[in-house]
Amino acid sequence: MDINIIEEGNTITAAFDGRLDTVAAQQIAETIEPLLDNADQNIILDCEKMPFISSSGLRIFLKIRKEVAAKGGKMYLKNVCPDVQQVFKMTKLDDFFEMID
């Protein structure tokens, strides 16, 4: 799992590349710090190259969302593939996150 973080103005985009499984979620804990530190801005999680998310990966997304809500920013999920969308629906988190194209 790789994450490419790009800061542009008041928007930070994190592009996920690979499976966000339990091992990857543990490995990226430090990588997401810029997102948490700047949670008062717009955060876009680009999932175009993320074909899978586990419950550990969902916890990472929830952690980011919680920080964004606390700091007054906005968070969006972008380019979510159908398989990952299904995980959000099954866990009833699809209404918890705003998905954009």
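The values are calculated or read from the model by the stated rules, or taken from the named source; none is laboratory data. Computed from a predicted structure; not experimentally measured. Reconstructed Cβ throughout: ideal geometry from the backbone, glycine too, with neighbour counts over all protein chains shown. These area figures cover heavy atoms from the full protein model, side chains too; ligands, DNA and RNA do not enter into them. Shrake-Rupley method; radii C 1.70, N 1.55, O 1.52, S 1.80 Å.
Tabulated data
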{"read-out": "Within the chain, percent of DSSP bridges classed antiparallel, to nearest 5", "value": "30"}
{"read-out": "Alpha-carbon centroid distance for the pair the range 1-32 / the range 65-101, whole angstrom", "value": "15"}
{"read-out": "Accessible surface ranking that places the most exposed of Ile6, Ile44, Ile12 first, with a 1.4 angstrom probe", "value": "Ile6, Ile44, Ile12"}
{"read-out": "In degrees, nearest ten, helix 55-71 long axis to first principal axis of the chain (Cα)", "value": "20"}
{"read-out": "Sulfur and carbon atoms: percent of accessible area, the chain [1.4 Å]", "value": "45"}
{"read-out": "Calculated FRET value between Asn4 and Asp37, using beta carbons and R₀ = 22 Å, to 0.05", "value": "0.85"}
{"read-out": "Accessible area (Å², per residue) of the chain, counting only protein heavy atoms and a probe of 1.4 Å", "value": "57"}
{"read-out": "Label-point gap, in nm, between Thr91 and Lys66 - each point 7 angstrom along Cα→Cβ", "value": "1.3"}
{"read-out": "Net charge dipole size for the chain [Lys, Arg +1 and Asp, Glu -1 on Cβ; Debye, nearest 20]", "value": "420"}
{"read-out": "CD proxy at 222 nm, helix term only [per DSSP H run n ≥ 4: -39500 (n - 2.57); per residue of the chain; nearest 500]", "value": "-10500 deg cm²/dmol"}
